[in-house]
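Colleague: Mind having a look at this structure? Questions to follow.
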Amino acid sequence: MAFSQDELKQQVALAAIHYVKSGIIGVGTGSTANYFIEELAKVKNKIDGAVASSEATAQRLKDHGIEVFDLNAIDGMDIYVDGADEITEHMHMLKGGGGALTREKIVAANAKDFICICDATKYVPVLGKFPLPVEVLPMARGYVARELVKLGGQPKLRDFTTDNGNIILDVHGLNIPDPIEMEGKINQIVGVVTNGLFAARPANILLLATHEGVKTITK
Ligand code: 5RP
């Protein structure tokens, strides 16, 4: 049976509800995460609330009657649920298409399990076809761009300001055979807040929506 990409996103969002037991849920950003919020709203009586990875997600959670907690007011959480722009069999992800990568990485760091919800188009053998987002302090834009060129990429300034008041450079053409190494190298450039490689801390569970049903992949 053939489904549209939106139908696949909806199915995988619903599958993630199986992991929602109680307490506080970390919630990602993007269209797949938005479907998850719709499903989460249906079981909101089971949970205390959520921590949001962006202002947009916080607003959407509130609109659905789900309490939003400040990350500093809580002591971690069991699960963080979010989409990705690309993910490999090693559970390394490339994220930040929606520009929320820094807060996503921070909230995810506070969760025991990262549950990645994707449709099968996001499952790739190697990361980097999707331009890698890098959040940068505005004054460091030129310097960071030159350093990214030295790493083999072509940075392009996105017409966007992050929730943290910074800019995004989308880096095209990067060869990323070792995502953990590349994540560290880019984060070492002065002026970089963080980059969209989520490899040092990969996903623990991948729910992958295919035309044959949602597959569960764990590591
Ligand atoms: C936002 C993200 C998203 O998870 C990623 O862009 C996937 O988005 P979508 O679910 O809309 O395909 O990292 O910063």
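Colleague: Beyond 16 Å, what share of the Cα-Cα pairs of the range 129-205 remains, rounded to the nearest whole percent?
Modeller: 45 percent
Colleague: Moving to a separate point now. What percentage of all Cα-Cα pairs in the chain are separated by more than 29 Å?
Modeller: Numbers: 5611 of 23871 pairs.
So the portion of pairs separated by more than 29 Å is 24 percent.
Colleague: Determine the distance separating the Cα centre of the range 92-169 from the Cα centre of the range 22-44; give it in Å without decimals.
Modeller: Here the two parts' Cα centres lie 22 Å apart.
Colleague: Would you work out the relative contact order for the chain, in percent, from Cα pairs under 8 angstrom that are 6 or more residues apart?
Modeller: 22 percent
Colleague: Let me ask something else about it. If you wrap a convex hull around the Cα atoms of the range 35-103, how much volume per residue is inside, in Å³?
Modeller: Cα-based convex hull of the range 35-103, divided per residue, equals 115 Å³.
Colleague: Give the residue from GLY98, ALA52, PRO125 lying farthest towards the positive end of the charge dipole for the chain; charges sit on Cβ (+1 for Lys and Arg, -1 for Asp and Glu) and the dipole is referred to the Cα centre.
Modeller: PRO125
Colleague: Quick one: if you stick a label point 7 Å off each Cα along the C-beta vector at ASN164 and LYS215, how many nm between them?
Modeller: 3.4 nm
Colleague: Let me ask you something else. For the chain, what does -39500 (n - 2.57) per DSSP helix run (n ≥ 4), summed and divided by total residues, give at 222 nm, in deg cm²/dmol to the nearest 500? Kindly include the intermediate steps, with their values, before the conclusion.
Modeller: Working: 6 runs with 61 residues, N = 219.
Estimated from H runs of four or more residues: -8000 deg cm²/dmol.
Colleague: Between SER22 and ARG201, with labels modelled 7 Å along Cα→Cβ, what's the label distance in nm to one decimal, could you check?
Modeller: Label at SER22, label at ARG201, 2.5 nm between them.
Colleague: Restricting to Cα pairs below 8 Å that are 6+ residues apart, what does the relative contact order work out to for the range 60-190? Please round to a whole percent.
Modeller: It rounds to 23 percent for the range 60-190.
Colleague: With a point put 7 Å past each Cα toward its Cβ, work out how far LYS62 is from GLU7 in nm, to one decimal.
Modeller: With each label placed 7 Å out from Cα toward Cβ, I get 3.6 nm.
Colleague: Please check which bits of the range 113-133 a label hung off HIS172 would reach, taking the label as a point 7 Å along Cα-to-C-beta and the cut-off as backbone N under 12 Å.
Modeller: Flagged as within label range: 130-132.
Colleague: Averaged per residue, what accessible surface does the range 129-219 expose to a 1.4 Å probe, in Å²? If you can, show how the numbers build up before the last one.
Modeller: Working: 4740 Å² over 91 residues.
So the range 129-219 comes to 52 Å² accessible per residue, rounded to a whole number.
Colleague: Let me ask another. For a label point 7 Å from the Cα of ARG146 along Cα→C-beta, name the residues of the range 168-203 whose backbone N is under 17 Å from it.
Modeller: Residues 189-192 fall inside that zone.
Colleague: Now, a different point. If the convex hull of the alpha-carbon atoms of the range 117-158 is projected onto planes in all directions, what is the mean projected area in square nanometres?
Modeller: For the range 117-158, the mean projected area of the Cα convex hull comes to 4.1 nm².
Colleague: Taking just the alpha-carbon atoms of the range 67-124, what radius of gyration and Dmax come out, in angstrom?
Modeller: 12.3, 37
Colleague: Here is a follow-up. Could you list, in their original order, any pairs among LYS21/LYS185; LYS156/LYS215; LYS9/LYS105; LYS42/LYS129 whose Cα atoms are separated by more than 28 Å?
Modeller: LYS21/LYS185; LYS156/LYS215; LYS42/LYS129, as the Cα separations exceed 28 Å there.
The values are calculated or read from the model by the stated rules, or taken from the named source; none is laboratory data. Please read these numbers as outputs of a predicted model, since none were measured by experiment. Cβ atoms come from the backbone with ideal geometry, glycine included; neighbour counts cover every protein chain shown. For the accessible areas, the whole protein counts, side chains as well, though only heavy atoms, and no ligand, DNA or RNA atoms are used. Shrake-Rupley method; radii C 1.70, N 1.55, O 1.52, S 1.80 Å.
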